[in-house]
Amino acid sequence: MKEVLKQERRQWRFAIAALVTAVICVFAGVTMNLTTVYDENFDHMGIRTFCMFTVNSNILAAVSMSMGLPYALDGLRRNDYHIPGWVVVFMLAGTTAVTLTFLVSLCILAPVKGFVLIFTGSRFLLHAICPLLAIDAFCFFVCDHRIRFVESLLALIPVLIYAGVYYLMVVVIGESRGGWNDFYGFATRIPVWIPLAAIAPVTLVIATVLRLLHNRTYDRRQRREAELFRAAFSHADVRETVADIARERTASVRSEDVVVPRRIISILLEHSGSDCTLEECCRVYLDAALECAAAKKRRG
């Protein structure tokens, strides 16, 4: 059991480090844009930087990853690791958006405007570093929820909203009437119907690939845990094992709350061969945890 808990703590420490690094880089990149009043190559600096999909997609990714941090940190504190499914799906939406930013920068903007221009200064953070960090964190470390295909469709919403706003401001209103200039070149350099037709399927492909990578990490984690449990508890006394887990976890955490690790107990039951029920094991865990907590309190 110690090996399982050790692996979980290591995984969540890496996840927290990846999430924090991505958020810090986004903050640095956006701050650099906001404090740059003039750039001869880009006229959307200062407060106008929020017109750009690059900035908005990075902020979306940072916000979604920030929402996962309290759960991850609390999981380390209480030895109970769980990020709600809706937060993971929100992370998928943010990661999909910044992946689109990275691919457009690499495959479309850089060949036209130059790689040095697109990948220097704050643009290096927002076009490359932040998207790659978000992909790394989401696909290989945050693996607490298996994403369904229907959930990946939600990742299209932020991209389609921005596409609609961009079309409205550039094509319908136009720069001469107070709208935006076509700073991405999607309405003037090519027929406008091409990006409009391509944006949804391209975004869906990106979301699907990210979902598959994320789910593969999730499945690998589940298999690894199952192997550890089979090796350690295939013929163990499940009630005594659950009580030992409760005493060990209660003794090692500072929180006074008792959190029953239902997922771990379920896996233990699956591979122990015991006829004990999940409800009974949870009661055994709770009783042992409360007994250990009372002993800690008596000792001061």
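The values are calculated or read from the model by the stated rules, or taken from the named source; none is laboratory data. Note that this is a predicted model, so its numbers are computed, not measured. Reconstructed Cβ throughout: ideal geometry from the backbone, glycine too, with neighbour counts over all protein chains shown.
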Item to check | Residues (in contact with an Asp or Glu (Cβ under 6 Å, 6 or more places away or on another chain) and either assigned to a helix (DSSP H, G or I) or at pLDDT below 85 (or both)) located in segment 169-197 | outcome: V170, T188
Item to check | Subset of segment 138-183 [out of contact with any Gly (no Cβ under 9 Å at 6 or more places or on another chain) and among the small types (G, A, S)] | outcome: S152, A163, G164, G174, S176, G178, G179
Checklist entry - Taking segment 61-86 only, how many residues are farther than 14 Å from C130 by Cβ, part of a helix (DSSP H, G or I) and in contact (Cβ under 8 Å) with a residue 40 or more places away in the chain? => result 9
Checklist entry - Within segment 227-253, restricting attention to residues that are modelled with pLDDT under 75, of a type in the set (G, A, S) and in a helix (DSSP H, G or I), which residue is surrounded by the most Cβ atoms within 10 Å (Cβ to Cβ)? => result A232
Checklist entry - Given the structure, is D257 outside any helix (DSSP H, G or I) and closer than 20 Å to R230 by Cα? => result no
Checklist entry - What residue, among those in segment 263-286 that are at pLDDT below 80 and surrounded by fewer than 17 Cβ atoms within 10 Å (Cβ to Cβ), is nearest to the chain's Cα centre (by Cα)? => result R263
Next on the checklist: Any residue at all in segment 244-267 that's in contact with a Leu (Cβ under 7 Å, 6 or more places away or on another chain) and of a type in the set (S, T, Y)?
Outcome noted: yes
Item to check | Meets criteria (free of Cβ contacts under 8 Å to residues at least 24 places away in the same chain and not in a loop (DSSP other than H, G, I, E, B)) for P158 | outcome: no
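Suppose we filter I265, I194 for residues that are touching a Phe, Trp or Tyr at 6+ places or on another chain (Cβ under 9 Å) and over 30 Å from G164 (Cβ atoms); which single one remains?
I265
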Checklist outcome for this item: Of (1) in contact with a His (Cβ under 7 Å, 6 or more places away or on another chain); (2) free of Cβ contacts under 8 Å to residues at least 40 places away in the same chain, C139 satisfies every one except (2)
